[in-house]
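*Asks:* Take this structure first; my questions come after.
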Amino acid sequence: QKEVEQNSGPLSVPEGAIASLNCTYSDRGSQSFFWYRQYSGKSPELIMSIYSNGDKEDGRFTAQLNKASQYVSLLIRDSQPSDSATYLCAVNSGGSNYKLTFGKGTLLTVNP
Amino acid sequence: KAGVTQTPRYLIKTRGQQVTLSCSPISGHRSVSWYQQTPGQGLQFLFEYFSETQRNKGNFPGRFSGRQFSNSRSEMNVSTLELGDSALYLCASSQQGINEKLFFGSGTQLSVL
């Protein structure tokens, strides 16, 4: 079982729609969760971080965390063509050997 | 503030050689972490350095090593290169560690022939 899995893409949504990106993880001890956006040919940049169960909102972005279900999601409201990118879910496992594990990413395309 | 700087931008090596990559973090950042990115495996954590000590390590063979200097600059070394080492190598810096926002450099594209 892969440690961090993301819903397979590519995901295509029309401009103005809500894009929903999902991620599951296997390590129940995981403590920190991140969503990075990576444009083609560019480096990842942090969109959201979430550390406790529930929702966290920042502008058009909402991260949702459910530790019982080992699930984290990212919602993008009013999607714009500039949101077209690969979205990477990253999970920091806890414990003495904590490390950052990335999912393989979901390619999102927002069509004008 | 200057961003994270990685050098060189591109490298071409042959199998069996070794390579050293450099990363200068954002001023004031003490944590530097390294990642390998390939189309097949995605972004994978190599290791993290904080105050000149390796604090965490991913699942990579011992051919991959690194170090950090007193000014927080970091180098990564790969010995006995294999074709499968061809990848984009990214470093990232943060103030305290990988449990907070990471700032990534532009990466070093390594091609092993």
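Bear in mind these aren't lab numbers, they're just calculated from the coordinates by the rules spelled out. As the structure is a computational prediction, the values presented were derived from the model and not from experiment.
*Asks:* Going by a ≥ b ≥ c, the root eigenvalues of the Cα gyration tensor, does the range B:66-107 fall in the rounded group (a/c under 1.5), the prolate group (a/b larger than b/c) or the oblate group?
*Replies:* oblate
*Asks:* Let me ask something else about it. Cut-off 10 angstrom, C-alpha nodes, Gaussian network model of chain A. Which of A:ASP78, A:ASP27, A:ASP58 fluctuates the most?
*Replies:* A:ASP58
*Asks:* Which of B:GLN41, B:GLN18, B:GLN68 moves the most in a Gaussian network model of chain B with Cα springs under 10 Å?
*Replies:* B:GLN41
*Asks:* Where the centroid of each part is defined by its Cα atoms, how far is the range A:41-67 from the range B:6-54 in Å?
*Replies:* Answer, in whole Å: 25.
*Asks:* Classify chain B as rounded, prolate or oblate from the Cα gyration tensor: take a ≥ b ≥ c as the square roots of its eigenvalues, call it rounded if a/c is under 1.5, otherwise prolate when a/b beats b/c and oblate if not.
*Replies:* Note, shape of chain B comes out prolate.
*Asks:* Mind checking which aspartates and glutamates have their C-alpha under 16 Å from B:LYS13, skipping anything on the same chain fewer than 8 residues away?
*Replies:* In chain and number order, the partners are B:GLU82, B:ASP85.
*Asks:* Still on this structure, I have one more. Would you mind computing Rg(Cα) / (2.2 N^0.38 Å) for the range B:19-82, counting N as its residues?
*Replies:* Compared with the compact-globule rule of thumb, the range B:19-82 sits at 1.10.
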